[in-house]
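Data first, discussion second: the structure below is written as structure tokens.
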Amino acid sequence: MPHAVLFPLLLLLSLAIAAAAPPLRSRFYAETCPEAEYLVRHVIKKNMEREPRSAASVMRLQFHDCFVNGCDGSLLLDDTPNMLGEKLSLSNINSLRSYEVIDEAKETLERVCPGVVSCADILIMAARDAVVLSGGPNWEVKLGRQDSLTASQKDSDDIMPSPRANASYLIDLFSKFNLSTKDLVALSGSHSIGKGRCFSIVFRLYNQSGTGKPDPTIEPIFREKLDKLCPQGGDGNVTGDLDATPERFDNQYFKDLMNGRGFLNSDQTLFTYPETREYVRLFSRNLNEFLKAFVDGMIKLGDLQSGRPGEIRQNCRVVNNRPVDVLPET
């Protein structure tokens, strides 16, 4: 979809989100499922002990869910014969991981308080817990979301940005969701933990902007490291660290950007673009400023809702009471 068409649609969506969203509040499950937040954190911690990378994977799920028609758990729905969901969209296929961690959290909650806690809320709690358990800030999450009754691969393709996106495009995109330039840079700091695929950066290494040459903003020694990790014609699913401390939530990501060591194009462009550069510098110098801005951004991101009808799914992968195909008599 052309950007000129996409942006008005996003603006309409953001207005609908603001106008029709049901109220969210902290401690929403205090009476109906008082152990909910503790149980979700326990599941996240257990999975991080088994695979530290799951923290970043779980945190990313909130971004990819909330940007597409609000925070409604639509990302978690599996495809059906009548619905192409978001899991196989361009930004998600072979990229998003740890759906099974959310499944485990849901199954745990269903045993304790069945039919009470939405998958959409589990995503929000899990993302917060992944940050906290990686050494990042804690915050009170607002809850009370319902789960979407459908999902759309097309909506995800139209909305989610590419790793090739530049800062100017990202600023425009985030603004349609009432997220500021500061929010953009702070939320990009989610790349303080985790890994990215070679598939997302080979163009930077060998053919930036169709020049047949590497991105000149990559620091030379770092580029040599990336060349070895991601040789031309190599396995695109090999992964590299998004910053120098990929298991610790800190402000190293911004320090790396200042030194030309951003992994993704969409990361490094935050330092090369004047409007975002000031925040990269601020966050690289002042950890507390970054952590506060990140929490503010995550709360604003979590407030995005579509206002569409929903439910509390029993299984995060399917809507409730989906009709079973009736086989013809033989």
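The values are calculated or read from the model by the stated rules, or taken from the named source; none is laboratory data. The structure presented is a predicted model; accordingly, all values stated were derived computationally and were not measured. A quick note on method: Cβ atoms are made from the backbone with ideal geometry, for glycine too, and the neighbour counts reach across all protein chains shown. Heavy atoms of the whole protein, side chains included, go into the accessibility calculation; ligands, DNA and RNA do not. Shrake-Rupley method; radii C 1.70, N 1.55, O 1.52, S 1.80 Å.
Points worth noting:
- Highest mean first, the peptides 108-115, 39-46 sorted by other C-beta atoms within 10 Å per residue fall in the order 39-46, 108-115.
- Per atom type, the stretch 157-243 shows carbon and sulfur on 51% of its accessible surface, probed at 1.4 Å.
- Gyration tensor over alpha-carbon atoms, the stretch 178-330, equivalent ellipsoid semi-axes in Å: 36, 25, 14
- Exposure rank, largest accessible area first [L205, L84; 1.4 Å]: L84, L205
- Every Cα-Cα pair of the stretch 232-321 was included, and the share exceeding 24 Å stands at 43 percent.
- Cα gyration tensor shape of the stretch 46-177, rounded if a/c is under 1.5, else prolate or oblate by comparing a/b with b/c: oblate
- Theoretical ellipticity at 222 nm over the chain - DSSP helices of four or more residues, -39500 (n - 2.57) apiece, nearest 500: -14500 deg cm²/dmol
- Carbon and sulfur %, accessible surface of the stretch 260-325 computed with the full protein complex present, 1.4 Å: 46 percent
- Portion, in percent, of the accessible area of the stretch 108-155 that falls on carbon or sulfur, probe 1.4 Å: 50 percent
- The mean sequence separation of alpha-carbon pairs under 8 Å and at least six residues apart, normalised by the residue count of the chain, gives a relative contact order of 26 percent.
- Of every Cα-Cα pair in the chain, the percent that sits beyond 30 Å: 34 percent
- Intensity falloff of the stretch 114-256 expressed as log10 I(q)/I(0), Debye formula with alpha-carbon point scatterers, at q = 0.22 Å⁻¹: -1.48
- In nm, spacing of pseudo-spin labels at S180 and R50 (7 Å Cα→C-beta vector): 4.1 nm
- Note that the chain presents 47 Å² accessible area per residue, ligands and nucleic acids not counted, probe 1.4 Å.
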